[in-house]
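Q: Attaching a single structure in structure tokens format; questions to follow.
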Amino acid sequence: MRSMMKVVTLCAGAVAVWALVVPARPQEPATQTQQTPPQTTIKSEVGLVNLFATVRDKKKHIITNLKKEDFRVFENDEEQKVAFFSTERALPITMGLLIDTSRSEENRLPAEQAAATRFLNQVLRKGDEAMVISFGADVDLLSDFTDDQAQLDRAIRSARINAPNVSLTNAGPLPPESRTRGLVGTAFYDAIWVACGEKLATEAGRKAMVIITDADDQGSKVELKEAIEAAERTNAVVHILLVHDPGYGWRPDVAHKIADETGGRVIEVSSEKHLTEAFDQIAEELRDQYTIGYYPTNAARDGRFRKIKVEATDKEMKVLARRGYYAPKDTP
């Protein structure tokens, strides 16, 4: 069972942002913490740095038969020793499907809903879970994490252009007081920040987001760098299906920055056929990944961001993986 949710107000700088927050687990008594062996505490907090990598050849075909020695991993330009490697393709996925329902998507929304429903039916397997979020002037949780395909289908179909959803039991994370921006706006960065920081952050294992959007943010309370940081701290890979209506703006530069920093892809979509093909490509990538883990040679617990680069020994192959992580930080 998932934890019960409650609505609270968070602050980004001096501006309030509404989001769902998962209640934290009760803290252990001080005496119990003191009795825990130091070695055990360090091991549980540091652990492996886990990476999920997709490899394509120069013809953009996915390569699935590589071995550990076919990869090199660098942290802040210092090569790391790969301690764990797997080609296991049945590792569960926790996924967020985010649908842009701002005015610029009005002509495409039905096609996007149909393709998204097909995608989840195709990609989700036993042990996987997904949630559905729409974002326009507001960010609305249409379905919390579930493996119930029928619930996910209903959630996708319930998405409306800049219209708060009221037909589901869980109508979304935003209370009526927050709906004061009118029927314009695209809270793109807010949607990533909420989905990663307040939902995916509580999940374990492989985490991914698939977002259908033109990436043109209008009115978010958080900035682009804060949205990316939320994804990086959550270790969530962000894939963006970049759609564009000639009558509205779009931001391919923003889409590529988000995807590149988190190890995801941007696929430009110009038709309904291309939309289906794009979902098929993302489904393939989510299943054909390598798991690579290493213990960082830098043991400092300073909370700083560390850059990661994953290379294939065959230089004609391109590796897609996240580009960094935040080191753990000791609490004073």
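Q: For LYS81, what is the net charge nearby, where nearby means another residue's Cβ is under 14 Å from its Cβ and Lys, Arg count +1, Asp, Glu -1?
A: -2
Q: Right, next: For segment 199-285, what is the relative contact order in percent, using Cα pairs closer than 8 Å and at least 6 residues apart in sequence?
A: 30 percent
Q: Under a 1.4 Å probe, what is the accessible area of segment 207-246 per residue, stated in Å²?
A: Ligands and nucleic acids excluded, the result is 31 Å² per residue.
Q: Still on this model: For LYS67, give me every one of the lysines with a C-alpha distance below 30 angstrom, ignoring sequence neighbours fewer than eight places off in its own chain.
A: Hits, sequence-local ones excluded: LYS43, LYS58, LYS59, LYS81, LYS126, LYS207, LYS257, LYS307, LYS309, LYS315, LYS318.
Q: Right, something else. Whole-Hz Karplus ³J(HN,Hα) for segment 307-322, in order, using 6.51 cos²θ - 1.76 cosθ + 1.60 and θ = phi - 60°, x for Gly and Pro?
A: So the J values, rounded to whole Hz, are 7, 10, 9, 10, 10, 8, 5, 7, 5, 7, 9, 10, 9, 10, 7, 5.
Q: Report the one residue of VAL73, LEU98, THR87 whose Cα lies farthest in the direction of the positive end of the charge dipole of segment 61-113 (charges on C-beta: Lys and Arg +1, Asp and Glu -1; origin at the Cα centre).
A: Of the options given, the answer is THR87.
Q: Once Rh is set to the Kirkwood radius over Cα pairs, what Stokes-Einstein translational diffusion coefficient, in µm²/s, holds for segment 233-332 at a temperature of 10 °C and a viscosity of 1.306 mPa s?
A: D, rounded to a whole number, is 99 µm²/s.
Q: Right, another one. Roughly how many Å² of MET131 are accessible to a 1.4 Å probe, to the nearest 10?
A: MET131 has an accessible surface of roughly 0 Å² with all protein chains in place.
Q: A follow-up question, please. What is the packing order of peptides 200-208, 255-263, taking the mean over residues of other C-beta atoms within 10 Å and listing the highest first?
A: Most protected by this proxy first, the peptides run 255-263, 200-208.
Q: Alpha carbon centre of segment 224-252 versus segment 114-145: separation in Å?
A: 16 Å
Q: Let me ask something else. For VAL237, list long-range residues whose amide hydrogen, built 1.01 Å from N in the peptide plane, is under 5 Å from its own amide hydrogen.
A: Those lying under 5 Å, H to H, from VAL237 are LYS207, ALA208, MET209.
Q: Grab the other residues whose beta carbon is less than 12 angstrom from that of ILE267, score K and R as +1, D and E as -1, and report the net.
A: That works out to -3.
Q: Which whole-Hz ³J(HN,Hα) couplings does segment 94-104 yield from phi under the Karplus relation 6.51 cos²θ - 1.76 cosθ + 1.60, θ = phi - 60°, glycine and proline marked x?
A: Along segment 94-104, the couplings run 10, 10, x, 9, 10, 10, 6, 10, 6, 4, 5 Hz.
Q: If you average the alpha carbon positions of segment 64-93 and of segment 315-332, how far apart do those two centres end up, in angstrom?
A: 12 Å
The values are calculated or read from the model by the stated rules, or taken from the named source; none is laboratory data. Note that this is a predicted model, so its numbers are computed, not measured. Note that we place each Cβ from the backbone using ideal geometry, even for glycine, and neighbour counts take in every protein chain shown. To get the accessible areas, we keep the full protein, side chains included, count just its heavy atoms, and leave off ligands, DNA and RNA. Shrake-Rupley method; radii C 1.70, N 1.55, O 1.52, S 1.80 Å.
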